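Written below as structure tokens is the structure these notes are about.
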Amino acid sequence: MPNYVELEKNIKSIIDDLQGLCSTNGLSNTAYEEVVVTSVFLYKFLNDKFMANLSNFCKDTGLDYQSVIKNEDDMLDAFYAAYPQDVAFKYEDTIDYLVRHIKDDNFYDQFDKTLLRISNYKENQSFSVETAGGEKKPLFTEICDKVEASKRNSFARNIFSYITRDRFDFGETIEGNYDFFSTIFEYLIQNYNVARGTYAEYFTPQALSSAIAKILVHMAPVEDKIYEVYDPSAGSGSLVLHLANELGNGKFGNKARVYTQDISQKSSRFLRINMLLNSLKESLENIIEGDTLETPAHFLVKGDDTSGIKKFDFITSNPPFNTDFSSTRDKIETKWEKTTRFFAGLPNIPPKKKESMSIYTCFIQHILYSLKNGGKAAIVVPTGFLTAQYKGKGKNGKVTLEGKIREQIIDNNWLRGVISMPSNIFANTGTNVSVLFIDKSNTNGEVLLMDASKLGKKVKVGKNQKTVVSKEDLDKIVDSFVDHIVEEDYSISVNYDQIKENNYSFSAGQYFDVRIKNVELSPEEFEEKMKSLKSSLLTLFTEGETLEDEIKNQLEEIKYDL
């Protein structure tokens, strides 16, 4: 068995050294640093996988390694027929080949041209990220040109001194170890996926993503078929890839075809790396960079708007909560007004604080619209969504977007349950979050509402406070939801009629019984308690009178001053 702890430590040290190299070359805290670090990491990963597979191919076929790498009698074609899921390399693209030329005066140029060459191979075109407009973004771009010309050779040589230090040991079956790669991936992007309140820049913690995936998959038996899973605000892919992995852990093997869309260029690049790490090449063509709300990319017939938006078996999403989309808001409404895609409507553009527009309400509606009959979905929402119902009071009160959406979910028998998570579960936002679980087959109306807000331990992360939820707490959340367990002041089972009677509230706390604790007192204890209360009240009354006199005196002393 491989030593995962040691391997993880070594790979993280390579990432650290690459970041340090960027810092000493003036790239720290720039977009170029992220491109350099992630590109070099991905190149190394793909190289090591290529070399391991090539070695295994030679052993299995009895072919001579040197003959294969020279491509005598088109032997590389036979190799790629045996390993069709991998990025195409030639031997001159590998670390082993390039390191022999490390002293050449144009070494940096050889490395940059290698990255471009790999990207341009016909076999690798499917690794490009497609935009909603049809543009293809290649696997690699040049990276050494990001530093001063006089430093480029030194920069490239230092890169190779790091990436030749250790290898991903595919020979010992780290391939397919999702937990290992999710840890490495999170470490790789942790400095570059920091939320700044902008669209699609939030990162869902791995532990939470794993819990959500487990619940979704256990909401129905997994059959022997391919499931189409979707995230319309995918970010770097934590939620949707955990779901794909969970579906693949069953007795039928990998049963997920992944579809995503995200407006962020950076997040789309991260997602591509994440999918390559986890051998999901067949889904790479379904990664689309673009605005899901204005221009959804996945249709029943690709590129044919008239055929209708594609429907999915599973959807999971942590959409941005609030952002300014005033520039596209009216376009979205006009384009889709003849459909029921946005049945509750879109948020109005506020005259001030446009960044407060509740964009997540649009994503919820899009998800409900994109879910197959019988499909399952999990959506991370601000906890305020659970109870926001009316603006104003009485008969003239106006139902909010949130209220209309909840009414639609309940009136159509789609809610399976809600989990209110601990506060500050995201280190980069103080917003309390809950997770809606939608099940379009939940016709019996058994709904579990859970208040898990008291779980977890608060820790300091940088300048922010974060709640860390232990494995035991997460196991409790998953098991309680899957087994529909009712526990006092923690979870409660309700039906659709009860929810309707309670103004369509999804908050567990509003259904818990209010209990008054009775304490038995002796006559003596009662008298003593009453004396204490009377004494306290008299003190408060006296203080109140004194304060009243003081205020009156101060008012008398106030004079009009010219």
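The values are calculated or read from the model by the stated rules, or taken from the named source; none is laboratory data. Note that this is a predicted model, so its numbers are computed, not measured. When we count neighbours, we look across all protein chains shown, and the Cβ atoms used for this are built from the backbone with ideal geometry, even at glycine.
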Take the conditions over 21 Å from Leu280 (Cβ atoms), in contact with a Cys (Cβ under 6 Å, 6 or more places away or on another chain) and among the β-branched types (Val, Ile, Thr) and apply them to Val36. Does it pass?
yes
Looking at region 1-30, which of its residues are part of a loop (DSSP other than H, G, I, E, B) and surrounded by fewer than 17 Cβ atoms within 10 Å (Cβ to Cβ)?
Met1, Pro2, Asn3, Gly26, Ser28, Asn29, Thr30
Would a scan of region 31-50 turn up a residue that is outside the structural domain of Glu282 (by TED's automatic domain parsing), closer than 26 Å to Ile143 by Cα, out of contact with any His (no Cβ under 8 Å at 6 or more places or on another chain) and surrounded by fewer than 13 Cβ atoms within 10 Å (Cβ to Cβ)?
yes
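Test Ile159 against the stated conditions and say whether it is over 19 Å from the mean Cα position of the chain (by Cα), at pLDDT 95 or above and of a type in the set (Val, Ile, Thr). So that I can check it myself, show each step before the final result.
Values: over 19 Å from the mean Cα position of the chain (by Cα): yes; at pLDDT 95 or above: yes; of a type in the set (Val, Ile, Thr): yes.
Considered against the rule, which asks whether it is over 19 Å from the mean Cα position of the chain (by Cα), at pLDDT 95 or above and of a type in the set (Val, Ile, Thr), Ile159 comes out as yes.
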Which count do you get for residues in region 315-372 that are touching a Lys or Arg at 6+ places or on another chain (Cβ under 7 Å) and without any contact (Cβ under 8 Å) to a residue 60 or more places away in the chain?
5
Given the criteria in a helix (DSSP H, G or I), out of contact with any helix residue (DSSP H, G or I) (no Cβ under 8 Å at 6 or more places or on another chain) and in the same structural domain as Ser161 (by TED's automatic domain parsing), does Lys113 qualify?
yes
Selection from region 134-168 of residues farther than 13 Å from Ser13 by Cα and of a type in the set (S, T, N, Q) yields Thr141, Ser150, Asn153, Ser154, Asn158
Of all residues in region 51-68 being touching a Leu at 6+ places or on another chain (Cβ under 9 Å) and over 30 Å from Phe185 (Cα atoms), which is surrounded by the most Cβ atoms within 10 Å (Cβ to Cβ)?
Val68
Only one of these conditions is not met by Pro422: (1) modelled with pLDDT under 80; (2) in contact with a strand residue (DSSP E or B) (Cβ under 6 Å, 6 or more places away or on another chain); (3) not charged (D, E, K, R). Which number is it?
(1)
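Residues are listed down the side, and each one gets a yes or a no for (1) farther than 19 Å from Ala378 by Cα; (2) in the same structural domain as Trp414 (by TED's automatic domain parsing); (3) over 21 Å from the mean Cα position of the chain (by Cα); (4) in contact (Cβ under 8 Å) with a residue 40 or more places away in the chain:
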| site | (1), (2), (3), (4) |
| --- | --- |
| Thr467 | yes, yes, no, yes |
| Ser470 | yes, yes, no, no |
| Leu474 | no, yes, no, yes |
| Ile477 | no, yes, no, yes |
| Asp483 | no, yes, yes, no |
| Val486 | yes, yes, yes, no |
| Tyr490 | yes, yes, yes, yes |
| Glu501 | yes, yes, yes, no |
Within region 194-209, does at least one residue satisfy the condition of being under 24 Å from Val418 (Cα atoms), modelled with pLDDT of 85 or more and either under 11 Å from the mean Cα position of the chain (by Cα) or of a type outside the set (Lys, Arg) (or both)?
yes
Only one residue in Pro347, Pro320, Pro296 is farther than 21 Å from Gln408 by Cβ, assigned to a loop (DSSP other than H, G, I, E, B), at pLDDT 90 or above and not small (Gly, Ala, Ser). Which one?
Pro320
Being loosely packed, with under 14 Cβ neighbours inside 10 Å, at pLDDT below 85 and either touching a helix residue (DSSP H, G or I) at 6+ places or on another chain (Cβ under 9 Å) or not β-branched (Val, Ile, Thr) (or both) is the requirement here; does Gly171 meet it?
no
Does Val240 fit the bill of being closer than 24 Å to Arg416 by Cα, among the β-branched types (Val, Ile, Thr) and not in a helix (DSSP H, G or I)?
no
Search result, residues across region 272-299 that are free of Cβ contacts under 8 Å to residues at least 60 places away in the same chain and farther than 21 Å from Ile309 by Cα
Met275, Leu280
If I ask for residues that are buried (at least 24 other Cβ atoms within 10 Å of the Cβ) and within 15 Å of the chain's Cα centre (by Cα), which ones from region 275-295 would you list?
Ile287
Hey, can you tell me all the residues within region 116-135 that are in contact with a strand residue (DSSP E or B) (Cβ under 6 Å, 6 or more places away or on another chain) and either under 20 Å from Ala31 (Cβ atoms) or in a helix (DSSP H, G or I) (or both)?
Ser128, Val129, Thr131
